[in-house]
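Q: Before we start, here is the structure in question, set down as structure tokens.
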Amino acid sequence: MKALFSEIRGAIVSTLVFAVVLCGLYPAVVWGVSQLAFKQKADGSLIVDKDGTVRGSTLLGQVFTGEKYFHSRPSAAGANGYDAASSSGSNLGPTSQKLNDAIKDRIAAYRSTEGLAATAEVPADAVTASASGLDPHISVKNAELQAARVAKARNLSVEKVKELIATSTSKPDLGTLGDAGVNVLKLNLSLDALK
């Protein structure tokens, strides 16, 4: 009986020690190091105005619909899209008639909104949702096709708008992995910042 209580006591002490170390100390150390070394990223890569108002995150997309704003790619996350609590894709595959119909409708709407010819190519990211439904980027081609509409709505030159596109474009990871992408929130905020 003495040996049994010794084993139970050892198990309880081990459990308590691991609970304190793994559920308390380790997370506190990781949090502290991240706050010291990577504060901006550890806090969610937030974009904050000069007055302290959080405008969004560079990591999460938002819906923009006005003529004077660049539009994000479609989102299947939540009822109205870009709902971070409902992050997901549509789960519709390439043989889905519902997906094909939605893409055809989006292509027609995109061409109409951007004043493109009925046969003009439309970037895939302009008519398809990302896997998470929260992608904050659009392709450079998509942004360039929207530039004329935004420039006209804001009384700016297309060249000025393209300069802002360039400053909001992130390069591929490690210079070669993936494609360059334009952060829509950063781009729209830079447009709003113009006088």
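Q: Using the Karplus equation 6.51 cos²θ - 1.76 cosθ + 1.60 (θ = phi - 60°), what ³J(HN,Hα) coupling, rounded to whole Hz, does each residue of region 100-115 give in order, writing x for Gly and Pro?
A: Values per residue, Gly and Pro as x: 4, 5, 4, 5, 4, 5, 5, 4, 4, 5, 5, 4, 5, 4, 8, x Hz.
Q: Residue-wise, which Karplus ³J(HN,Hα) couplings in Hz belong to region 156-167, taking 6.51 cos²θ - 1.76 cosθ + 1.60, θ = phi - 60°, and x for glycine or proline?
A: 10, 7, 4, 4, 5, 5, 5, 4, 5, 4, 4, 6
Q: For Thr167, what is the net charge nearby, where nearby means another residue's Cβ is under 15 Å from its Cβ and Lys, Arg count +1, Asp, Glu -1?
A: Working: positive: Lys160, Lys162, Lys171, Lys186; negative: Glu144, Glu159, Glu163, Asp192.
For residues surrounding Thr167, the net value is 0.
Q: Around Ala153, under 10 Å between beta carbons, what's the net of Lys plus Arg minus Asp minus Glu among the other residues?
A: Details: positive: Lys68, Arg149, Lys152, Arg154; negative: Glu67.
Local net charge: +3.
Q: Counting only residues 5 or more places away or on other chains, whose amide H sits under 5 Å from the amide H of Ser130 once H atoms are built in the peptide plane?
A: Answer set, sorted by chain and number: Ala76, Asp135.
Q: I've got another one for you. Once the chain is represented by equal point scatterers at the alpha-carbon sites, with solvent omitted, what log10 I(q)/I(0) does the Debye formula produce at q = 0.13, 0.17, 0.19 Å⁻¹?
A: -0.81, -1.21, -1.39
Q: Just name one of Thr119, Val54, Ala131: the one whose Cα is farthest towards the positive end of the charge dipole of the chain (beta-carbon charges, Lys/Arg +1, Asp/Glu -1).
A: Farthest towards the positive pole: Val54.
Q: Oh, and also: Could you give the length gained by full extension between Ala28 and Glu67, i.e. 0.36 nm per residue of separation minus their alpha carbon distance, to one decimal place? Walk me through the intermediate numbers first.
A: Numbers: separation 39, 0.36 × 39 = 14.04 nm, distance 4.62 nm.
Once the chain is fully extended between Ala28 and Glu67, it gains 9.4 nm.
Q: Taking amide H positions as placed in the peptide plane 1.01 Å from N, state which residues far from Phe64 in sequence (5 or more) or on other chains have amide H under 5 Å from it.
A: Counting only residues 5 or more places away or on other chains, the set is Ser72.
Q: Could you give me the radius of gyration and the Dmax of region 2-41, taking only the C-alpha atoms into account and expressing both in angstrom?
A: In order Rg, Dmax, the Cα atoms of region 2-41 give 16.5, 55 Å.
Q: Among rounded, prolate and oblate, which fits region 40-103 when a ≥ b ≥ c are the square roots of the eigenvalues of its C-alpha gyration tensor, a/c under 1.5 means rounded, and a/b larger than b/c means prolate?
A: On the way: a/c = 3.43, a/b = 1.94, b/c = 1.77.
Taking the square roots of the gyration eigenvalues as a ≥ b ≥ c, region 40-103 is prolate.
Q: Further question on the same structure: Would you mind telling me which residue in Leu99, Leu134, Leu16 has the biggest mean-square fluctuation in a Gaussian network model of the chain, where springs connect alpha carbons within a distance under 10 angstrom?
A: Residue with maximal mean-square fluctuation among Leu99, Leu134, Leu16: Leu16.
Q: With a 10 Å cut-off between alpha carbons and a GNM built on the chain, which of Thr167, Thr65, Thr176 moves the most?
A: Thr176
Q: Here's something else I'd like to know. Counting pairs on different chains as well as pairs 8 or more places apart, how many Lys pairs in the chain have Cα atoms under 15 Å apart?
A: 13
Q: Sticking with this structure for a sec: Net charge near Tyr69: determine it from the other residues with C-beta under 11 Å of the C-beta of Tyr69, scoring Lys and Arg +1 and Asp and Glu -1.
A: Working: positive: Lys68, Arg149, Arg154; negative: Glu67, Asp192.
Neighbour charge sum, excluding Tyr69 itself: +1.
Every number here is computed from the coordinates shown, using simple stated rules; none is lab data. Here the structure is a predicted model, which means the values were calculated and not measured. Note that we place each Cβ from the backbone using ideal geometry, even for glycine, and neighbour counts take in every protein chain shown.
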